[in-house]
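K.L.:
The structure's right below; bear with me while I get my questions together.
The values are calculated or read from the model by the stated rules, or taken from the named source; none is laboratory data. Values in this document were obtained by computation on a predicted structure and should not be read as measured data. Because the Cβ atoms are built from the backbone with ideal geometry, glycine has one as well, and the counts that use them run over all protein chains shown.
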Amino acid sequence: MEKGPFSVEWLAQSSRSGGRGVPEGSPPQTPPSVPADTPRDREAAERRSPGHAAESAGAVPGRSRTKFSAAQLQELERSFREQRYIRAGEKRRLAAVLNLSQSQIKTWFQNRRMKFKRQTQDAR
């Protein structure tokens, strides 16, 4: 399969730079040449293979699943019972009290709302 003028690597690099330093209206930068068989290319091919997709569906490389303690879950559930959508101040407070990141708190609430939605739909 032939690569077009914009490879995934080039697009990722250009999105990280945020387009800074390029005046508006100037021609787009040309993508860097990428060797045909780099470790990144092999990893991308492995991710596209049918068996690998089932193993790591949605997994972020290098990040293991967070195992919440019973005390953390108890506090998160208590907060969820009070309000299904967490506010910024409460998210900061919970992150500090439970020794978790704000993004972990946000993700837990998103997942808990989906679990709640499935439970209410199943009950009908």
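Conditions tested, residue by residue: (1) in contact with a helix residue (DSSP H, G or I) (Cβ under 7 Å, 6 or more places away or on another chain); (2) not hydrophobic (A, V, I, L, M, F, W, C).
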| residue | (1), (2) |
| --- | --- |
| Ala71 | no, no |
| Gln74 | no, yes |
| Glu77 | no, yes |
| Gln83 | no, yes |
| Arg93 | no, yes |
| Gln102 | yes, yes |
| Trp108 | yes, no |
| Asn111 | no, yes |
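K.L.:
Can you pull out the helices (runs of 4 or more DSSP H) entirely within region 8-124 that have at least 3 residues that are modelled with pLDDT of 95 or more?
P.N.:
Numbers: elements: 8-17, 39-48, 50-55, 70-82, 88-98, 102-123.
In region 8-124, 70-82, 88-98, 102-123 are the helices (runs of 4 or more DSSP H) which contain 3 or more residues that are modelled with pLDDT of 95 or more.
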